[in-house]
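One structure below.
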Number of protein chains: 2
Amino acid sequence: MLQSKLFTKTRKESPKDEVSKNAQLLIRAGFVHKEMAGVYSYLPLGLLVYKKIEQIIRNEMNAVHGQEILMSSFSPKENWLKTDRWNTMDDLYKVSDASKREVALSPTHEEMVVPIAKEYASSYKDFPFSVYQFQNKFRMEMRAKSGIMRGREFIMKDMYSFHKDEEDMNAYYETVKESYTRIFDTCGIGDKTFVTFALGGSFSKYSHEFQTITDAGEDLIYISKDKNIAINKEALNDETLAELDVKREDLIEEKAVEVGNIFKLKTKFSEPFELNYKDENGTVGEIIMGCYGIGLSRLMGTIVEVCSDENGIVWPKSVSPFQVHLISVGNDQAVLDATKLVYDQLQKNNIEVLWDDRDTRPGQKFADSDLIGLPTRVVVSNKTIEEKKLEVKDRKTGDIKHLSIDELISDLK
Amino acid sequence: MLQSKLFTKTRKESPKDEVSKNAQLLIRAGFVHKEMAGVYSYLPLGLLVYKKIEQIIRNEMNAVHGQEILMSSFSPKENWLKTDRWNTMDDLYKVSDASKREVALSPTHEEMVVPIAKEYASSYKDFPFSVYQFQNKFRMEMRAKSGIMRGREFIMKDMYSFHKDEEDMNAYYETVKESYTRIFDTCGIGDKTFVTFALGGSFSKYSHEFQTITDAGEDLIYISKDKNIAINKEALNDETLAELDVKREDLIEEKAVEVGNIFKLKTKFSEPFELNYKDENGTVGEIIMGCYGIGLSRLMGTIVEVCSDENGIVWPKSVSPFQVHLISVGNDQAVLDATKLVYDQLQKNNIEVLWDDRDTRPGQKFADSDLIGLPTRVVVSNKTIEEKKLEVKDRKTGDIKHLSIDELISDLK
């Protein structure tokens, strides 16, 4: 893409009303636009990152046989009365129409997915299965100061699985846990993300959070480097320590942000909706459920918190909006022609490239390039033309190499 | 995909509370799930169709240099006060949080996109550009009886263009009009869809609707077959007739549904937000806007209204969830093995195939296949194995051919 055609621009100053690094950088670099506290729109560069993350997660959910659906945001009040969450969930937005009929604006979709499952599945032959979606959620957050990491409106991947017995649910739960580990690895924050034991609520002993270490985190976790796991603050007690066979003194306290969680719901939601199955003999059994969430906006914000430096964002390759930031220095025809050749070659090789073709001074282009944070910066100037080599800089390490176009392409592939 | 793994099922009876054909068929075939009047969730097959339609539209919007973004649903009240629509728009949902602060749940995004444009564009060099999104809209519909064609919550593609003068806007408007014609052609309803002259409101003489003829339509249009255009009821007057050079007596009245519309907004929204530009001399000029909408849920519903018969849906190839419905008759190993070979060959050739591998009687499989409506049905049975030919039925014409797998593949490509 030509940067001169991109309608967004970078800005030098951080927005005054943003304290979080992720929002500051994403706004300065033109990835998101703030609408109000906790509500952001995604601009072209931001949407490209969002779609990369979405596809990484979709591939993993399909690999564990999740079936993709898309549920509505409006959700019938009667469903929430049935689970007793209409009056007990503090962050539930309620919307009424002119006739004063109320509906919920879904903060999560158990109240919708269980009736859908009940519509289609009733025999032992219909189970197990799992469904997932990428969907907007609405939560009445009173403190929304963490940029895109804690929103009043945010995009989430939520998956729900349905099983005939606990054993089957437990096995699937472990499969998804591994799949989550792969997702955060692929997104470039695997080394800072820990499977974290959390309280499971009244229906199961533990749930698991995926917590990423960052100073921007609002949670405290206690890491066992030996076991490569962590325990969150609420679950940190003698019983947990004994069960996990870790010693309190070996744990390291860190601030962290929860980028995903998996939860054994058991019969918590199948019971109120009477989601059952009939076995071979006509005997009725209860359906056992699991649920598995990843907040995509939060994940994107966390990647920025973890992968950035004083000059801007440092996108991991897997989620970067483009792989190469191609910069033409000066406006002589020779430079523009040489840059065009590189641009065409990269595109022909399916390497995503943003060409800064703006009529702007080089210093500004370099600063913008660092701020936007694509993994590889390639400079074309009269000097590089003379040397018959491109100047190639790695955004993460700062290393500079001088490569021919063929060497660059083979490097990038 | 294996049909036995699909969690949805077909149902024989139409839902009692649905009068529209699109909702009846889509629910019976397991494409959508009704949550309440005017609110539907998309199940796996329905989401596949939705994504096909989305990609057709995205390709055309990218071809006219639209930049894809994703704006939030929550929209600041002050923006709606500024355009005077907070108190005048009947179908606007308002949501308040615990502190009684109100926000709008966007029914359209002019109030959001203009402030975004203003944030980044102010010089004559920044224009023209256009942005678009696929996004959930919310409208307080009092009568929502048309299935997915008129929703309280529905997905829309909305594009907004920004220009320095009317001439540029008019030229772009014509480009998008052609792009819309291609979209409806590609979606398989081009021959029933007419560019329809509608009133333009206070800011321009005409707007244009894309109206598709169907008995399920809630609009009346008047078609000039000669000119291949139509006029809607509100715009049908002597002045319009004279300007378009058509005679009232040559017009044919038809019921139709509006699948898209394009509108010259001129300065209607740039003015309240003071979206201006400075020209080469520093003189300030007003920005001229156009907007371009397509309701994707409505388009999907319209395709079903137009492309269906007494046995079910007849998907156009371009939007069908799969190209081939592969049906194995009986459960002998020979049939299953032969079907598996066809299934693998089709997939290897990138032909999307749904294999009805269920342990169900053939009559049920054939009825379900007609209801679900994939373009090509391929049957494998002991008889076809003996004849060394597959039975291939065209869902639209009902024609049956007997083909080898190679002939089938070359037919489908």
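Would you be able to say whether some residue in segment B:139-147 is more than 7 Å from chain A (Cβ to nearest Cβ), under 26 Å from A:Ala37 (Cβ atoms) and either in contact (Cβ under 8 Å) with a residue 12 or more places away in the chain or part of a loop (DSSP other than H, G, I, E, B) (or both)?
Yes: one or more hits.
For segment A:61-80, check the following and say yes or no: at least one residue is touching a residue at least 60 places away in the same chain (Cβ under 8 Å), of a type outside the set (Phe, Trp, Tyr), buried (at least 22 other Cβ atoms within 10 Å of the Cβ) and closer than 21 Å to A:Val306 by Cβ.
No, segment A:61-80 contains no residue that is touching a residue at least 60 places away in the same chain (Cβ under 8 Å), of a type outside the set (Phe, Trp, Tyr), buried (at least 22 other Cβ atoms within 10 Å of the Cβ) and closer than 21 Å to A:Val306 by Cβ.
I'm trying to understand the selection: among the residues of segment A:73-106, which are within 12 Å of chain B (Cβ to nearest Cβ), more than 25 Å from the chain's Cα centre (by Cα) and either at pLDDT 95 or above or in a strand (DSSP E or B) (or both)?
A:Pro76, A:Lys77, A:Glu78, A:Asn79, A:Lys94, A:Val95, A:Ser96, A:Glu102, A:Val103
Between A:Glu18, A:Glu35, which is in contact (Cβ under 8 Å) with a residue 12 or more places away in the chain and either among the acidic types (Asp, Glu) or over 27 Å from B:Phe129 (Cα atoms) (or both)?
After applying the criteria, what remains is A:Glu18.
Filter segment A:264-311 down to the residues that are closer than 26 Å to A:Glu60 by Cβ and assigned to a strand (DSSP E or B) and list them by number.
The answer is A:Lys264, A:Leu265, A:Lys266, A:Ile288, A:Met289, A:Gly290, A:Cys291, A:Tyr292, A:Gly293, A:Ile294, A:Gly295, A:Ser308.
Of everything in segment B:239-263, what is surrounded by 18 or more Cβ atoms within 10 Å (Cβ to Cβ) and without any contact (Cβ under 8 Å) to a residue 12 or more places away in the chain? Give them in sequence order.
B:Leu241
Please enumerate the residues belonging to segment A:182-208 that are under 14 Å from the mean Cα position of the chain (by Cα) and either buried (at least 17 other Cβ atoms within 10 Å of the Cβ) or not assigned by TED's automatic domain parsing to the domain that holds A:Asn237 (or both). Break it down into steps so the answer makes sense when it comes.
Restricting attention to segment A:182-208, the residues satisfying the condition of being under 14 Å from the mean Cα position of the chain (by Cα) are A:182-190, A:193.
A:Ile183, A:Phe184, A:Thr186, A:Cys187, A:Gly188, A:Ile189, A:Thr193 - these are the residues of segment A:182-208 that are under 14 Å from the mean Cα position of the chain (by Cα) and either buried (at least 17 other Cβ atoms within 10 Å of the Cβ) or not assigned by TED's automatic domain parsing to the domain that holds A:Asn237 (or both).
Given the conditions (1) within 8 Å of chain A (Cβ to nearest Cβ); (2) modelled with pLDDT of 95 or more, and given that B:Arg152 satisfies all but one, which numbered condition is not satisfied?
(2) is the only condition that B:Arg152 fails.
Being of a type in the set (A, V, I, L, M) and touching a His at 6+ places or on another chain (Cβ under 7 Å) is the filter here, so list the residues in segment A:227-278 that pass it. Walk me through how you get there before you give the answer.
Quick first cut of segment A:227-278, residues of a type in the set (A, V, I, L, M) only: A:229-231, A:235-236, A:241-242, A:244, A:246, A:251-252, A:256-257, A:259, A:262, A:265, A:275.
Scanning segment A:227-278 gives a single hit, A:Ile262.
Consider only pairs whose beta carbons are under 8 Å apart and that are at least six residues apart or on different chains; among these, list those whose first residue lies in segment A:286-301 and is under 12 Å from A:Tyr160 (Cβ atoms) and whose second residue is basic (Lys, Arg) and surrounded by 24 or more Cβ atoms within 10 Å (Cβ to Cβ).
Matching pairs, first to second residue: A:Gly293/A:Lys157.
Condition test on A:Lys51, is it at pLDDT 95 or above and out of contact with any helix residue (DSSP H, G or I) (no Cβ under 8 Å at 6 or more places or on another chain)?
Details: at pLDDT 95 or above: yes; out of contact with any helix residue (DSSP H, G or I) (no Cβ under 8 Å at 6 or more places or on another chain): yes.
Yes: the conditions hold for A:Lys51.
Rundown of residues vs (1) surrounded by fewer than 20 Cβ atoms within 10 Å (Cβ to Cβ); (2) closer than 29 Å to B:Glu387 by Cα; (3) touching a Cys at 6+ places or on another chain (Cβ under 9 Å), yes/no style:
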site	(1), (2), (3)
B:Thr267	yes, no, no
B:Glu280	yes, no, no
B:Gly295	no, no, no
B:Asn311	yes, yes, no
B:Ser318	yes, no, yes
B:Leu326	no, yes, no
B:Gln333	yes, yes, no
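Just for segment A:1-20: of the residues that are in contact with a helix residue (DSSP H, G or I) (Cβ under 8 Å, 6 or more places away or on another chain) and modelled with pLDDT of 95 or more, which one is farthest from B:Ile69 (Cα to Cα)?
For segment A:1-20, the residue satisfying everything is A:Thr10.
(1) farther than 21 Å from A:Lys177 by Cβ; (2) assigned to a strand (DSSP E or B); (3) within 20 Å of the chain's Cα centre (by Cα): which one isn't true of A:Gln211, the others all being true?
With respect to (1) farther than 21 Å from A:Lys177 by Cβ; (2) assigned to a strand (DSSP E or B); (3) within 20 Å of the chain's Cα centre (by Cα), A:Gln211 is out only on (1).
Considering segment A:160-175 alone, what residues qualify as being small (Gly, Ala, Ser) and crowded, with 16+ Cβ neighbours inside 10 Å? Let's see the steps before the verdict.
Residues of segment A:160-175 that are small (Gly, Ala, Ser), as a first pass: A:161, A:171.
Residue satisfying the conditions is A:Ser161 alone.
All but one of (1) in contact with a Ser or Thr (Cβ under 9 Å, 6 or more places away or on another chain); (2) in contact (Cβ under 8 Å) with a residue 40 or more places away in the chain hold for A:Asp370; state the number of the condition that does not hold.
(1)
Condition check: within 25 Å of B:Ile56 (Cβ to Cβ), β-branched (Val, Ile, Thr) and outside the structural domain of B:Lys21 (by TED's automatic domain parsing). Does B:Val314 satisfy that? Show your work before the answer.
Details: within 25 Å of B:Ile56 (Cβ to Cβ): yes; β-branched (Val, Ile, Thr): yes; outside the structural domain of B:Lys21 (by TED's automatic domain parsing): yes.
Taking the combined requirement at face value, the residue satisfies it.
The values are calculated or read from the model by the stated rules, or taken from the named source; none is laboratory data. As the structure is a prediction and not an experimental result, all values here were calculated from the model. Neighbour counts are summed over all protein chains in view; Cβ atoms, including those assigned to glycine, are modelled from backbone coordinates with ideal geometry.
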